[in-house]
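*Asks:* Before I ask anything, let me first share the structure, which is written out below as structure tokens.
The values are calculated or read from the model by the stated rules, or taken from the named source; none is laboratory data. Only a predicted model underlies this, so the values are computations on that prediction, with no experimental measurement involved. Here the Cβ positions follow ideal geometry from the backbone for every residue, glycine too, while neighbour counts run over all protein chains shown.
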Amino acid sequence: MNDARPNNDSRIVLEFRIKGMDFTTAGEAATGIKRTMTQLGMPADMIRRVASATYEAEINVVIHAHRGCLVAKIGPERIEICVEDEGPGIPDIDLAMQDGYSTAPTHVREMGFGAGMGLTNIKRCVDQMHLDSVVDKGTTLRLLFFSKGRE
């Protein structure tokens, strides 16, 4: 984790740097966010949804990008996660959103990652999801979670 700070609007902001192909630190962002939410006494279901989606997003950066940044804004009624990476981008987002579609290299699949379920698992966990990608530049994923259910 690079930064944890309170925000002027009572949100806690956590920022994590993610390195491509660094499987030894993969999951640190999700773990840090889960720990913070637990310490704040947030609902268990929301913690589970945020941690699951964040882990999937983080692993996607590790597998597919050179590097990335994950910023979590944790407030009493909503969590915002933004993941930006520098990588190959996603040429066909609709195709990438299909269960089982993967562009992960063979050596990553042999480690048990890259099954093509990351984006669909994220979508199942979030209240709102927005995905932008530019080929040969990178991808930005914005996730919203509401503590009072899906709004």
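*Asks:* Give the residue, chosen from Glu28, Glu56, Glu15, that is surrounded by 18 or more Cβ atoms within 10 Å (Cβ to Cβ), modelled with pLDDT of 95 or more and not basic (Lys, Arg). Quick ask: steps written out before the conclusion?
*Replies:* Numbers: Glu28 fails: surrounded by 18 or more Cβ atoms within 10 Å (Cβ to Cβ); Glu15 fails: surrounded by 18 or more Cβ atoms within 10 Å (Cβ to Cβ).
Going through Glu28, Glu56, Glu15 in turn, just one is surrounded by 18 or more Cβ atoms within 10 Å (Cβ to Cβ), modelled with pLDDT of 95 or more and not basic (Lys, Arg): Glu56.
*Asks:* Pairs needed: first member in region 74-94, over 14 Å from His130 (Cβ atoms); second member anywhere, in a strand (DSSP E or B) and of a type in the set (D, E, K, R); C-beta distance under 8 Å; at least 6 residues apart or different chains.
*Replies:* Taking only residues 6 or more apart or on different chains, the pairs are Ile79/Lys73; Asp85/Arg67; Glu86/Arg67.
*Asks:* Any residue in region 88-102 that is loosely packed, with under 15 Cβ neighbours inside 10 Å, within 13 Å of Leu144 (Cα to Cα) and either among the hydroxyl-bearing types (Ser, Thr, Tyr) or out of contact with any strand residue (DSSP E or B) (no Cβ under 7 Å at 6 or more places or on another chain) (or both)?
*Replies:* No, the conditions are met nowhere in region 88-102.
*Asks:* Go through the residues of region 131-145 one by one and say whether even a single one is touching a helix residue (DSSP H, G or I) at 6+ places or on another chain (Cβ under 6 Å), assigned to a loop (DSSP other than H, G, I, E, B) and farther than 26 Å from Met46 by Cβ.
*Replies:* No, region 131-145 has no match at all.
*Asks:* Evaluate region 15-35: report whether one residue or more is within 13 Å of the chain's Cα centre (by Cα) and assigned to a loop (DSSP other than H, G, I, E, B).
*Replies:* First, the residues of region 15-35 that are within 13 Å of the chain's Cα centre (by Cα): 15-18, 26-34.
With the extra rule that they be assigned to a loop (DSSP other than H, G, I, E, B), the set shrinks to 26-27.
The answer is yes; a qualifying residue exists.
*Asks:* Does region 104-125 include one or more residues that are more than 28 Å from Thr38 (Cβ to Cβ), at pLDDT 95 or above, over 13 Å from the mean Cα position of the chain (by Cα) and of a type in the set (A, V, I, L, M)?
*Replies:* No - not one qualifying residue is present in region 104-125.
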